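Structure, as structure tokens:
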Amino acid sequence: PTPETTPILVEGELWYVTSNEGRPYKLRASEVIHVRGLSWDGMEGSDVVTVLCDALGLELGQRGHAARYFRDGTQLPGFLVAPGRLDDKEVARIRDNWGKMQTGVEQMHKVGVLWGGLDFKSLGIDPQKSQLLESRELGMIEIANVLGLPPHKVGHPARTSYNSLEQENSDHLSTSLDPWLVAIEEECDAKLLT
């Protein structure tokens, strides 16, 4: 495994601590090339996945919810309420018939028929009211912002502001990649070209 190297301050001077075969070593800042990413303290960069874990988890959860919603024919979950007590056989028959009639893309937009005083009570919330699509788009924008990318690079459906692929790529280079390239160049200039 690769040894972990961490920056530390020793009497106001930046040092790095690493290990080799289990033995710790201190290195001067001038001996280490360190290109910092997102950082809370200016010394140690944060792992992008850690920073994005909530946004990525939310996006994955929303994607799974949307997939189940559309797979099941966009029907909201709920209860069929009977006016009186039903035996187990009758409950199973009604549940199976209702499930066959209301579940699946082929059954979308078909009218359900309730008999014998049954009443449907919805448990779910309409995806439009829960702003399912809007929250998925917002999740993509949040991920793009942390990564420093234009939203269309992570699959956001918004139109780009340019008319050509060449302009889009030029903008991506100057706004997303160039800050990283400059940071790498400056670190190499400072540490390698003495």
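The values are calculated or read from the model by the stated rules, or taken from the named source; none is laboratory data. The shown structure was predicted, so the numbers you read here are calculated from the model rather than taken from an experiment. Cβ: placed from backbone, ideal geometry, glycine included. Neighbour counts: every protein chain shown. The accessibility values were calculated without ligands, DNA or RNA, using every heavy atom of the protein model including side chains. Shrake-Rupley method; radii C 1.70, N 1.55, O 1.52, S 1.80 Å.
Give me the residue from the range 1-40 that is out of contact with any Leu (no Cβ under 9 Å at 6 or more places or on another chain), in a strand (DSSP E or B) and among the charged types (D, E, K, R) and, out of that set, farthest from VAL146 (Cα to Cα).
ARG23
Check ASP87, ASP119, ASP189, ASP171 and return the single one that is touching a Ser or Thr at 6+ places or on another chain (Cβ under 9 Å) and either at pLDDT 80 or above or over 30 Å from GLY61 (Cβ atoms) (or both). Talk me through it step by step, then tell me what you get.
Numbers: ASP87 fails: touching a Ser or Thr at 6+ places or on another chain (Cβ under 9 Å); ASP119 fails: touching a Ser or Thr at 6+ places or on another chain (Cβ under 9 Å); ASP189 fails: touching a Ser or Thr at 6+ places or on another chain (Cβ under 9 Å).
Sole residue among the options that is touching a Ser or Thr at 6+ places or on another chain (Cβ under 9 Å) and either at pLDDT 80 or above or over 30 Å from GLY61 (Cβ atoms) (or both): ASP171.
Report yes if LEU133 is modelled with pLDDT of 70 or more, under 15 Å from the mean Cα position of the chain (by Cα) and either open to solvent by 70 Å² or more (accessible area, probe 1.4 Å) or within 30 Å of GLU4 (Cα to Cα) (or both), otherwise no. Can you show your working first?
Details: modelled with pLDDT of 70 or more: no; under 15 Å from the mean Cα position of the chain (by Cα): yes; either open to solvent by 70 Å² or more (accessible area, probe 1.4 Å) or within 30 Å of GLU4 (Cα to Cα) (or both): yes.
So LEU133 does not fit the description; no.
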